[in-house]
Amino acid sequence: APAPATEEPPAPEHPPEQPPAPTEEPAPIPTEAGAEATPVPAEGSPAPPAEPPAPAPEPKPEKPKEEPPSCPLSLAVEEVSENSFTLTWKAPEQMGRAGLDGYVVEICKDGSSEWKAVNQEPFLSTRYTIPNLSSGDKIHVRVVAVSASGASVPATLEQPVLIREILQLPKIRMPRHLRETYIRRVGDAVNIMIPFQGKPQPEVSWTKGGQPLDTNRINIRNTARDTIFYIRQAQRGDSGKYELTVQINGAEDKATLDIQVVEPPGPPQNLKLVDVWGFNVALEWTPPADNGNSEIKGYRVQKSDKKSGKWFTVLERCTRTSCTISDLIIGNTYSFRVFSENICGLSDSAAVASGVAHIEKTKSTYQPEKIPQRDMMEPPKFTQPLTDRTTTRGYSTHLFCSVRGFPQPKIIWLKNQMEIREDPKYIALIDQGVCSLEIRKPGPFDGGVYTCKAVNPLGEASVDCRLDVKGES
């Protein structure tokens, strides 16, 4: 304080204590000081403009702008009573550098535009009960995240909360068999009852893909305890996921009903008789154009002898689109057809092979062709492999494969890598390149891996298969 006092005396011409307040004493001073002294005190008001330049050069530090926190997530009503309700939410994804100071809950009565904060200071809990409300009021509510950098965009409930006591929260009791895909055939009725709970009586709504249901096809009947979903005659277009919502005020429960409407598939396509050798036939085809809205589980292959005209099943649930049919009777002529099969059953019609297979008789005379001399030597090569087979205990079975090579290969049969020698239980034959092994009245110990090996001076080749022997059913 004394320092500024020493600085002020050097200006005796100007009154040091009373320049701001106009008094009668300044009048005689200008007469003694002269004409130049009078304008100085009179222009005491313009002197302050010399002082503002001092603050101007002082730069104000610009603080880096920080983003406020993001909006709180998953705002929902947990519980409602006759004079209060409880909210829950999740923390925002972005808190900001300064961290989160807390949350502010605001309410607004339905029909009003005035929002009021219900908590004076921010709090960090993600659950809050709003008390002292009047029963029957409809309250809009929102929650704001607050930090040192500002407030977030508010999270707002879509619908106002009706203040009345919820004696029991809504809960859907989805039956166990409806928790997986519910499958029905085309034309069948769909009649489903799904129970639920909640007091007072919940509001029930159904949607499909977020859109209301087509009431011309689907009937919904709701009671205080369950909802009934009914379709008189199901069509494939009725397949899909249906969403069920049970709601009391802001509290709700949801469940999904997955319906799949199926029908028999179409027949296979492009069935061809690929090859005929010995008493074996090879078939090929392609999947059906229409699978009946269900996965194809397999194909059923049947044969028909021209003499009898009856159809007999030779393969069931064949998972591939090709097969080999063996054990055909020499001298007969056969036709073949194939059905598709899905969860609904067999196709209404079958694909029939255009050609027929005639199994030539074994008695034939070999007439060598006159061909120019050339090297006919060829190492063994199997043109048809062995296929896995399953037989019944006590019933003889055959294993077949075909091989070519020159000179004619020597055929060796092995069981579990052990050569089958002179054993009356096994009869091995080879005719025109078709190798067969008959296993007479097999028992449980005759199962295993059987190998057919062909050897000639140029090399060797082998194929194998598995034989399973089952007990009599």
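The values are calculated or read from the model by the stated rules, or taken from the named source; none is laboratory data. The structure displayed is predicted, hence computed values, not measured ones. No Cβ is skipped: glycine too gets one built from the backbone with ideal geometry, and neighbour counts run over all protein chains shown. Areas reflect the complete protein model, heavy atoms only, side chains present, ligands, DNA and RNA absent. Shrake-Rupley method; radii C 1.70, N 1.55, O 1.52, S 1.80 Å.
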Quiz item: Under a plain spin-label model, where a point goes 7 Å from the Cα along Cα-to-Cβ, how far apart in nm are R466 and D188?
Solution: 3.4
Quiz prompt | Added length on full extension, which subtracts the Cα-Cα distance from 0.36 nm per residue, D290 to D348 | solution = 19.7 nm
Quiz item: Rounded to the nearest 10 Å², what accessible area does H398 show when all protein chains are kept and the probe is 1.4 Å?
Solution: 60
Exercise. Could you calculate the contour length gain from Q201 to T181, that is, 0.36 nm times the residue separation minus the distance between their Cα atoms, to one decimal place in nm?
Key: 4.3 nm
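Per 0.36 nm of contour for each residue apart, how much would the distance between L73 and I412 grow if the chain were fully extended, relative to their Cα-Cα spacing?
Result for the pair: 114.5 nm of gain on full extension.
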Exercise. Quote the FRET efficiency, to the nearest 0.05, computed for Q168 versus N132 with a Förster distance R0 of 22 Å and r equal to the Cβ-Cβ distance.
Key: 0.35
Quiz item: Tell me, how many Å apart are the Cα centres for the stretch 189-262 and for the stretch 300-336?
Solution: 49
Quiz item: Say a paramagnetic label sat at a point 7 Å from the Cα of E66, along Cα to Cβ; which residues of the stretch 78-101 have their backbone N under 13 Å from it?
Solution: 95-101
Quiz item: Excluding R225 itself, what net charge comes from residues whose Cβ is under 15 Å from its Cβ, given Lys and Arg +1 and Asp and Glu -1?
Solution: +1
Quiz item: Label points 7 Å out from Cα along the Cβ direction at R404 and A151: separation in nm?
Solution: 8.9
Exercise. Using label points projected 7 Å from each Cα along Cα→Cβ, tell me how many nm separate V118 and D388, to one decimal.
Key: 6.6
